[in-house]
Amino acid sequence: MHPKLEKVLQETAHRNPGEPEFLQALTEVLISLDPIIERHPEYADYGLLERLTEPERQIIFRVPWVDDNGDVQVNRGYRVEFNSALGPYKGGLRFHKSVNRNIIKFLGFEQIFKNALTNQGIGGGKGGSDFDPHGKSDNEVMLFCQSFMTELYRHIGDKTDVPAGDIGVGGREIGYLFGQYKRLTGVHEAGVLTGKGLGWGGSLVRTEATGYGQVMFARFMAEDRGESLEGLTCAVSGSGNVAIYAIEKAQQLGAKPVTCSDSDGWVYDKEGIDLDLLKEIKEHRRGRVSDYAAQRPSAEFHDSGRVWAVPVDVALPAATQNEIDENDARTLVKNGCKYVAEGANMPSTPQAIEVFQSAPDVSYAPGKAANAGGVGTSAFEMEQNASRSRWSFEYAEERLEAMMREIHNDCLATAEEYGKPGDYVYGANITGFRRVADAMLAHGVI
């Protein structure tokens, strides 16, 4: 590693003890920057790397609310506004018991480069809370969201910071958050949140965008090798929004997804996932994948192990960070997996990534490239809000596909330019970094 990059990594690790995921995300990016720092040493001047690795603003606040039993509960809320060089901060809100400052910082740091890859003029941020909406009543979720927004509203706006959904934050939560923002400000500022309902400023394809974009990226990877996804089997992890629509798009392209999962276990369906049944259970009943297996004769439910043990051609991780470890990666490679396109944020450990990149027959795409369709379509939603227009599903999907193709091609072109042909990790990190760094240098030391 270039001495300057090594110095920044060591100093950042010293200043951020006890934040392993943040340092993991940071290390993965910095390692990739060797070629561009060697060729363009100006990127190591003006404290640019030091500024890039330190959030512009970190907000932590108390979120008190009253549950259905009349008891007061207290959660912690976060918003990390990491970098605004390319535009207003943009990134989701995650409501999950695992949320802490370390998780939000790792997600926010990844978001900087992901957003840069979209070319949509958006900066990087992330937020959330250790509140878990699972098992809560609608009333409890509403009261929590209203309390959360009562603090957050003063820090966001369509030209400042535009949150969206993430794990635990879907249409219901966005609705409650938007209603409270409107109540507090007295302004119907549609562009302040994305992932909204279609009747009040939302965009068609936004719900599908992350999963669709993930599979589109995998398709472009296959096409680059003269292949297609038609007839290939896929392992998909998760069963939330990203996983469901990754399964849907894969099926549309002729592939056969055979797995899904949640925190209770995972399902293998040898006949291919029944998407209508999965949607009914997860989106309407808020049930578990074990319910899917109970109603599907061809499906097996497993309460141990992981979906990566199933022999497949394509791996589509769509659940959470570090869900593929070194052993999982070796199993996938041994079983003949050819394409790995990440729909979750940083779902592969560094050791797993090393296995994928060293396997000659595997094409591996990191989440910041392969799952950028979600935030890119959020930017399309902002565009529609600003112009008071509404795009058709077909047009929005065309824009999504064009954006994902451009990201794919930019990654390959940059990797080739810097001596790493075919390496999507180097391509994604250097492309994103260069766009952010050029803007930061133009803006001066701020």
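For region 265-362, GluC sites (Glu not before Pro) are listed when DSSP marks them as loop and at most 11 other Cβ atoms sit within 10 Å of their Cβ; the list is 271. A simple rule links phi to the HN-Hα coupling: the Karplus curve 6.51 cos²θ - 1.76 cosθ + 1.60 with θ = phi - 60°, which for region 264-280 gives 8, x, 9, 10, 10, 10, 5, 8, x, 4, 7, 5, 4, 5, 4, 4, 4 Hz, with x for Gly and Pro.
Sequence gap at least 6, Cα distance under 8 Å: using those rules, report the relative contact order of region 138-202 to the nearest whole percent.
Reported as a whole number, the value is 38 percent.
Each 5 Å bin from 0 upward holds the following percent of the Cα-Cα pairs of region 235-302: 3, 20, 36, 28, 11, 2.
Shown here for region 161-241: GluC sites (Glu not before Pro) in loop regions (DSSP other than H, G, I, E, B) with at most 13 other Cβ atoms within 10 Å, namely 230.
Above 22 Å, the calculated P(r) of region 26-132 contains 41 percent of its Cα-Cα pairs. A straight Cα-to-Cα reach below 23 Å connects residue 7 with the lysines 105, residues fewer than 8 places away in its own chain not being considered. Placing unit charges on the Cβ atoms only, positive for Lys and Arg and negative for Asp and Glu, gives region 362-417 a dipole magnitude near 260 debye about its Cα centre.
Could you tell me which residue out of 261, 127, 337 lies farthest along the dipole of the chain toward its positive end? Charges go on the beta carbon: Lys and Arg +1, Asp and Glu -1, centred on the Cα centre. Comparing the listed Cα positions along the dipole, 127 ranks first. Using the 1.4 Å probe convention, the accessible area of region 55-188 works out to 37 Å² per residue with neighbouring protein chains retained. Only Lys, Arg, Asp and Glu carry charge here, each on its Cβ (+1 for the first two, -1 for the last two); on that basis region 206-360 has a dipole of about 100 debye about its Cα centre.
Taken as Cα centroids, region 191-252 and region 153-177 sit 21 Å apart, rounded to the nearest whole angstrom. Put the Cα centre of region 88-132 next to the Cα centre of region 405-446 and the gap is 20 Å.
Computed with a 1.4 Å probe over protein heavy atoms only, the accessible area of residue 45 comes to about 70 Å². Relative contact order of region 252-344: 25 percent, from C-alpha pairs under 8 Å at least 6 residues apart in sequence.
Below 8 Å, C-alpha to C-alpha, sequence gap of six or more: please give me the relative contact order for the chain in percent.
For the chain, the relative contact order is 15 percent.
Summarise the accessible area of the chain (1.4 Å probe, protein heavy atoms) by the percent that is carbon and sulfur. Could you put the intermediate results ahead of the total?
On the way: 8090 of 17370 Å².
Carbon and sulfur atoms account for 47 percent of the accessible area of the chain.
In the structure displayed, which of 279/338; 126/256; 159/196 lie more than 23 Å apart, Cα to Cα? Check vs 23 Å cut-off fails for 279/338; 126/256.
The values are calculated or read from the model by the stated rules, or taken from the named source; none is laboratory data. Predicted, not measured: the structure shown is a model, and the values here were computed from it. Virtual Cβ from ideal backbone geometry, glycine too; neighbours counted across all protein chains shown. Just so you know, the surface numbers come from the protein's heavy atoms only, side chains and all, with ligands and any DNA or RNA stripped out. Shrake-Rupley method; radii C 1.70, N 1.55, O 1.52, S 1.80 Å.
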